[in-house]
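Beneath this line is the structure, given in structure tokens, with notes to follow.
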Amino acid sequence: MANAQLVLADQVVNGSVTIEQGVITDIIEGDFIPSDAVDCGGDFVLPGLVELHTDNVERHLEPRPEVDWPYLPALLAHDAELASTGITTVFDAMRVGSIHSGKKGNYADYARKLADELLAAREEGLFKISHFLHLRAEICSETLLDELARFDPKDRIGIVSLMDHTPGQRQFRDLTALRTYVAKKRGMNDAEFADHVENLLNLQRQHGAKHEAGAVREAKRLGAVLASHDDTTSEQVATSAENGVGFAEFPTTIEAAEACRERGIAVMMGAPNLIRGGSHSGNVAAEELAKANLLDIVSSDYVPSALLLAAFQLADVWDDLPRAICTVTCNPAQASGLTDRGRLDVGLRGDVLRVRKSSKAPVLLGGWRQGRQVG
């Protein structure tokens, strides 16, 4: 790939990148265009995007409320969608921890079966991009530890995140936001919502402390990076640090983000938050953290195409394209322990994108995983 604006970790240079047998073998500055090269016509070439937390696979598993879809077709559709948006490495978030009270809004065990399908498809080479497992440990559930026990280090779990969606704290401090969310997703009336809230509060009282400690132990057993989720106070961040958390997913306040910075915990925020100008739950805006230099990683969260768009939007906020691109490439790769990707550098994987910046948005013109075009 030649005649390109190469987005390196700390600068943008005009030049070419050579990929052989799936690996970057050469990076040359200058205008020379080899006869067998792809002439990028001055477009940007940057590393493939690394996604640490996406709920997108669940959208394919349940395309409408209460409608279940077969696992493998759902995974393949999810994989193709991500490839089309420039994501070349994904940690697929799947919930562990079930509630079986028979009320609306509750959920059943599915992660082990889904993981088996994903690992088998990966082994068969069915995916366009690289897939890893991310277990979302729902602390306030009935079956968390039993479900985690079904996983083994050979599953190569990449991330375990500690989730506590108990109403009245963390993401859902505002019960109005929670009511709006579950009413639209599950069609709850006021009485059903009240029962749902009381059920979750009871689960937190019964299982919260035991399950949090158990999930931390299981993450260590599985060799996974531990992440916190929706930390709100400096005290919660202190607990996350004691647990050995490597990065914080979606802290809800600037207080929590500042506490993460003080304790060396990387801060991840959602691309939809950045693009929309705020959190749908009423929490801190990603752009506010960016302007305060408290943002390290961006996740597409529930909109895969948001990741590339958010990175270029951050470039405008910071007036620094390489720094912005690092939030979706080298920073998430480093946080998840992947040392073979995330940068344009000799010896790393040939996961690259060709992107043209239009007047309104970046446009993905091609994506390559280990030198093979996938998007």
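Among 323-333, 220-230, sorting by the average number of other beta carbon atoms lying within 10 angstrom of each residue, highest first, gives 323-333, 220-230. Pairs of Lys residues in the chain that lie 8 or more places apart, or on two chains, and have C-alpha atoms under 20 angstrom apart add up to 7. For the chain, relative contact order (Cα pairs under 8 Å, six or more residues apart, normalised by length) works out to 21 percent.
Under a Gaussian network description of the chain, with springs only between Cα atoms under 10 Å, the residue in VAL57, VAL38, VAL352 that fluctuates furthest is VAL38. Dividing the alpha-carbon radius of gyration of the range 218-328 by the rule-of-thumb value 2.2 N^0.38 Å gives 1.03.
Of all DSSP beta bridges confined to the chain, the antiparallel ones make up roughly 40%. Rounded to the nearest Hz, the phi-derived 3J(HN,Hα) couplings of the range 276-287 under the Karplus curve 6.51 cos²θ - 1.76 cosθ + 1.60 (θ = phi - 60°) are 7, x, x, 7, 5, 9, x, 8, 4, 7, 4, 5, where x marks glycine and proline. Which residue, VAL216, VAL67, VAL284, has the most motion in a Gaussian network model of the chain that connects Cα atoms within less than 10 Å? Of VAL216, VAL67, VAL284, the Gaussian network model singles out VAL67 as fluctuating most.
Largest mean-square fluctuation among GLU51, GLU242, GLU288, in a Gaussian network model of the chain whose springs join Cα atoms under 10 Å apart, belongs to GLU242.
Sorting the segments 128-137, 252-261, 335-344 by their residues' average number of neighbouring beta-carbon atoms within 10 angstrom, most packed first, yields 128-137, 252-261, 335-344. About the centre of its Cα atoms, the range 209-340 shows a dipole size close to 360 debye [charges on the beta carbon of Lys, Arg (+1) and Asp, Glu (-1) only; nearest 20 debye].
Only one residue of VAL12, ALA311, HIS60 has its Cα farthest out toward the positive end of the dipole of the chain, where Lys and Arg carry +1 and Asp and Glu -1 on Cβ, and that residue is HIS60.
Laboratory data are not the source of any read-out in this text; all were calculated from the coordinates shown. These numbers were taken from a predicted model, which means no experiment stands behind them. As a convention, Cβ positions derive from the backbone with ideal geometry for all residues, glycine included, and neighbour counts pool all protein chains shown.
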